[in-house]
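*Asks:* Before I ask anything, let me first share the structure, which is written out below as structure tokens.
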Amino acid sequence: MPTPALLLAAVLFPADDKDFQPFVFGGKAPDPVSAGTFDRVRDGMTLRELAAVVGPGYVPELSGTGHIRWTCEDGRTLTASHVKDPNAVLTAKGKGTEQDPWIKMRDKNGKVVEMPAKPKPYTDEEAAAIVKRAEELRAEVNAGKRKAATTLEGGLAELKIDPKRLTGLELQVGNATDWHVYRLSPGYKLTAAYTQQAPPERAFRSLWIEKVTPAKKQ
């Protein structure tokens, strides 16, 4: 069974654009998804993030609009205007263009359902404050005043980080260690280290936050 960290990775880890398939065209539509999955949809998600949560949608072969559709086991439906760009942001107030697509959720009676807004990422100022708190907690651990977190979720809770505000995961695989690198803010990244082949309850090793080093211009 996937750990919460791996489930979070599945939502955030970007696939190559050439392999990105946000919908099935014609043929049999994908099965309806669970109510819990539909509940995770947010106004302001990118097409890539949406597809990672609810899976590929469906475009009927004779569709004249190219709208992408999803269905839920409880009768709700989700529709996005024609869009193919994985990084396009879908909002309820979108204009329906490729650059500004809209998304709408309806209940089983066809009434529009308001979706919660996607949380905004942390600012660099907020990230710097989190770094200061992380340093204080590390000092307490080194002094024997507290125990280090044993899970990613525990570590994020100690630092008062909302995991929904982490974006852009990069998965790095080593010989015995895996690193999950999240974007905490525009200028900071958070890295979580995991021991390969270890049981899920013992795989997490540590997390740390550091400034992002700008790429050198060629």
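Just so you know, all these numbers are worked out from the coordinates, no wet-lab data involved. A quick note: this is a predicted structure, and the numbers were derived from the prediction, not measured. Glycine gets a Cβ as well: all are built from the backbone with ideal geometry, and neighbour counts include every protein chain shown.
*Asks:* Can you find, among PRO101, ALA134, GLY55, the residue farthest towards the positive end of the dipole of the chain? Put +1 on the C-beta of Lys and Arg, -1 on that of Asp and Glu.
*Replies:* Sorting the options by dipole projection puts first ALA134.
*Asks:* Let me ask something additional. Measuring from centroid to centroid over Cα atoms, what is the spacing of the stretch 162-212 and the stretch 78-129 in Å?
*Replies:* Using only Cα atoms, the two centres lie 26 Å from each other.
*Asks:* Which residues among the stretch 170-200 fall inside the zone where the amide N is under 20 Å from a point 7 Å beyond the Cα of ASN142, along Cα→Cβ?
*Replies:* Once the point is set 7 Å along Cα→Cβ of ASN142, 191-193 turn out to lie under 20 Å by backbone N, inside the stretch 170-200.
*Asks:* Grab the other residues whose beta carbon is less than 15 angstrom from that of LYS104, score K and R as +1, D and E as -1, and report the net.
*Replies:* +4
*Asks:* In a shell of Cβ-Cβ distance under 14 Å around GLY187, excluding GLY187 itself, what net charge do Lys and Arg (+1) and Asp and Glu (-1) give? All intermediate terms of the calculation are to be shown ahead of the outcome.
*Replies:* Values: positive: ARG183, LYS189, LYS211; negative: ASP124, GLU125, GLU126, GLU210.
Taking every other residue near GLY187 into account, the sum is -1.
*Asks:* Moving on to the next point. Just name one of ALA35, GLY110, TRP70: the one whose Cα is farthest towards the positive end of the charge dipole of the stretch 20-113 (beta-carbon charges, Lys/Arg +1, Asp/Glu -1).
*Replies:* Farthest along the dipole direction, towards plus: GLY110.
*Asks:* Can you match Rg/Rh (Cα atoms, Kirkwood Rh) to one of these, [x] 1.03; [y] 1.11; [z] 0.99, based on a calculation from the structure here?
*Replies:* [x]
*Asks:* In deg cm²/dmol, rounded to 500, what helix-only [θ] at 222 nm does the chain give when every DSSP H run of at least 4 residues adds -39500 (n - 2.57) and the total is split over its residues?
*Replies:* The helix contribution divided over the chain gives -6500 deg cm²/dmol.
*Asks:* Assign one of three labels to the stretch 20-113, namely rounded, prolate or oblate, based on the Cα gyration tensor with a ≥ b ≥ c the square roots of its eigenvalues; rounded applies when a/c is under 1.5, prolate when it is not and a/b is larger than b/c, and oblate otherwise. If you can, show how the numbers build up before the last one.
*Replies:* Numbers: a/c = 1.34, a/b = 1.12, b/c = 1.20.
The shape class here is rounded.
*Asks:* Kindly flag which residue pairs out of LYS84/LYS160; LYS28/LYS84; LYS93/LYS211; LYS111/LYS160; LYS28/LYS111 have an alpha-carbon separation exceeding 30 Å in this structure.
*Replies:* Pairs exceeding 30 Å: LYS84/LYS160; LYS93/LYS211; LYS111/LYS160.
*Asks:* Please report the net charge: other residues with Cβ closer than 11 Å to the Cβ of GLY44, K and R +1, D and E -1. It would help to have the intermediate numbers written out before the result.
*Replies:* Details: positive: ARG42, LYS93, LYS118, LYS120; negative: ASP43, GLU49.
Combined, the nearby Lys, Arg, Asp and Glu give +2.
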